[in-house]
Amino acid sequence: MIVAVASGKGGTGKTTVSTSLALVAAEKGKVCFLDCDVEEPNAHIILKPRLSGQEAVRVRVPVIEQERCTLCGRCADVCAFHALVVLPQEVMVFSPMCHGCGGCWHLCPAGAIHPGWREIGQMEEGECGKIRFVHGRLKVGEAMSPPLIRAVKQRAQAGALNIVDAPPGTSCPVVAAVEGADFCLLVTEPTPFGLHDLELAWEMVSQLGIPCGVVVNRSDGRDEPVEEFCRTRNLPLLMRLPLDRDVARGYARGIPPIAVHPAWKGHFRELLHAISERAGLKCAKS
Amino acid sequence: MKVAICAQGTHLDAPMDLRFGRCPYFVVADPQTGEWEHVPNPGPGAAGGAGIQAAQLMIKLKVDAVITGRLGPNAMEVLKKAGIKVYEGTVGTVRQNLEAYRQNRLPLLTQPNAPGGHKP
């Protein structure tokens with residue numbers, strides 16, 4: 001089973017929730033943690049894995065054999081991302097623009113283009129206790145993260161609870177992280193910003209047809225707008241974590257809330273139970 | 001001799017557009033004969049690589065020079081390799097900038113003067 005943790009707004013507590021969920025689940029079964037927030041992975045700060053493997057993640061880019069090229073311009077015409085330019089004497093490649101679709105090398109009438117590689121980041125993996133841990137690190141300045149996110153997700157283990165920590169937002173990287181999950185947790189905070197972005201995230205997950213539920217983090221007891229939102233969308237509110245100074249203090253030192261308040265483990269056990277009951281049920285589109 | 005001027009409209013009296021990749025039109029003129037035509041720029045609709053696409057258009061149109069306000073690094077690299085000169089125009093009409101070019105009053109641009117645009 002794959003459970004994705006997303007939020008829309010950044011800083012609502014995705015990693016807090018996903019790491020605690022992993023730690024609690026690992027007490028009973030096999031868990032694989034996949035940190036797909038590859039632009040700023042940080043779950044390792046809480047889970048402290050022992051990393052044993054590293055692998056470069058690469059994408060396909062065109063390589064032009066200039067001596068075979070007839071400068072016909074077919075490659076630049078088919079490139080939807082303007083990664084190729086036909087000059088009077090050669091073809092120029094702007095690799096960072098390339099999405100690796102392969103149109104140019106498949107359609108070049110002169111057979112003058114072959115696929116090469118471009119590294120976009122690194123994948124690292126290891127163990128933290130009983131949890132299998134994988135994360136991606138996108139190169140600084142690199143714009144294209146989905147291929148790295150998909151590479152991390154390929155490490156999901158059959159028969160394990162795979163927890164995907166998604167990046168914030170609702171665009172391609174988040175879609176790449178959440179796609180294919182059996183369930184998606186949407187973590188929000190009781191602020192107008194949290195609610196606004198929760199709605200965006202919910203719309204995105206609904207379009208993907210993934211069943212989802214809401215977690216309110218840093219609840220101050222005034223969660224009515226979130227409750228109202230969940231009620232009208234028929235969206236289950238699965239867990240509420242109270243605003244707690246000790247938890248914040250622990251988090252600031254990389255300590256998960258369930259280590260600060262062992263009693264909170266009960267919340268996460270209930271959350272796990274609720275997820276496994278709902279995963280696989282189709283999400284009702286509005 | 002052909003010069004492409006970034007334009008907000010389709011004729012000589014349209015205001016010049018300071019953007020290269022995302023200006024809606026190019027007015028392509030012959031400074032000697034005064035003949036001109038307008039060409040729509042495919043760039044404004046592009047998600048990314050607008051400057052590269054516009055530079056490719058310049059090559060296809062076989063222009064000798066471009067008059068623009070700002071140019072990013074990718075477009076500059078393409079135009080340089082294609083041997084197309086870039087001149088920095090100023091706020092005003094296409095006609096005024098063409099006239100300034102004719103009188104050699106526009107500075108030649110050899111380095112990009114804008115950051116790279118929207119990345120994919």
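Within segment A:247-269, the presence of a residue that is in contact (Cβ under 8 Å) with a residue 60 or more places away in the chain and either in a strand (DSSP E or B) or outside the structural domain of A:PHE193 (by TED's automatic domain parsing) (or both) is excluded. The residue of segment A:111-129 that is nearest to A:ARG68 (Cα to Cα), among those that are open to solvent by less than 40 Å² (accessible area, probe 1.4 Å) and without any contact (Cβ under 8 Å) to a residue 60 or more places away in the chain, is A:ALA112. Screening the candidates A:ARG132, A:ARG155 for the property of being in contact with an Asp or Glu (Cβ under 7 Å, 6 or more places away or on another chain) and either within 14 Å of another protein chain (Cβ to nearest Cβ) or open to solvent by 10 Å² or more (accessible area, probe 1.4 Å) (or both) yields one hit, A:ARG155. Here A:ASN42 fulfils each of the conditions (1) closer than 24 Å to A:ALA156 by Cβ; (2) within 13 Å of chain B (Cβ to nearest Cβ) apart from (2).
Here segment A:45-79 is the region considered, the condition is being open to solvent by less than 30 Å² (accessible area, probe 1.4 Å) and under 30 Å from A:PRO257 (Cβ atoms), and the residue that is nearest to the other protein chains (Cβ to nearest Cβ) is A:GLY53. Residues in segment B:95-120 that are farther than 30 Å from A:LEU84 by Cβ and open to solvent by less than 30 Å² (accessible area, probe 1.4 Å) were compared, and the one that is farthest from the other protein chains (Cβ to nearest Cβ) is B:ALA100.
Among residues of segment A:53-80 that are within 19 Å of A:CYS101 (Cβ to Cβ), those with a beta-carbon under 7 Å from a residue that is aromatic (Phe, Trp, Tyr) and open to solvent by less than 80 Å² (accessible area, probe 1.4 Å) at least six positions away or on a different chain give the pairs A:PRO62/A:TRP105. When segment A:80-102 is limited to residues that are open to solvent by 20 Å² or more (accessible area, probe 1.4 Å) and either within 21 Å of B:ARG22 (Cβ to Cβ) or charged (D, E, K, R) (or both), the one that is nearest to the other protein chains (Cβ to nearest Cβ) turns out to be A:HIS82.
Return yes or no: is B:CYS6 part of a loop (DSSP other than H, G, I, E, B), away from chain A (no Cβ under 14 Å) and open to solvent by less than 10 Å² (accessible area, probe 1.4 Å)? No, not satisfied. Do you know which residues across segment A:138-154 are free of Cβ contacts under 8 Å to residues at least 40 places away in the same chain and hydrophobic (A, V, I, L, M, F, W, C)? Within segment A:138-154, A:VAL140 is the sole residue that qualifies.
Within segment B:49-66, the set of residues being surrounded by fewer than 23 Cβ atoms within 10 Å (Cβ to Cβ), within 10 Å of another protein chain (Cβ to nearest Cβ) and not in a helix (DSSP H, G or I) comprises B:LYS62 only.
State yes or no: is A:CYS69 out of contact with any helix residue (DSSP H, G or I) (no Cβ under 7 Å at 6 or more places or on another chain) and either outside the structural domain of A:LEU107 (by TED's automatic domain parsing) or over 30 Å from A:GLU270 (Cβ atoms) (or both)? Answer is yes for this residue.
The values are calculated or read from the model by the stated rules, or taken from the named source; none is laboratory data. As the structure is a prediction and not an experimental result, all values here were calculated from the model. Don't worry about glycine lacking a Cβ; one is built from the backbone with ideal geometry, like all the others, and counts go over all protein chains shown. To get the accessible areas, we keep the full protein, side chains included, count just its heavy atoms, and leave off ligands, DNA and RNA. Shrake-Rupley method; radii C 1.70, N 1.55, O 1.52, S 1.80 Å.
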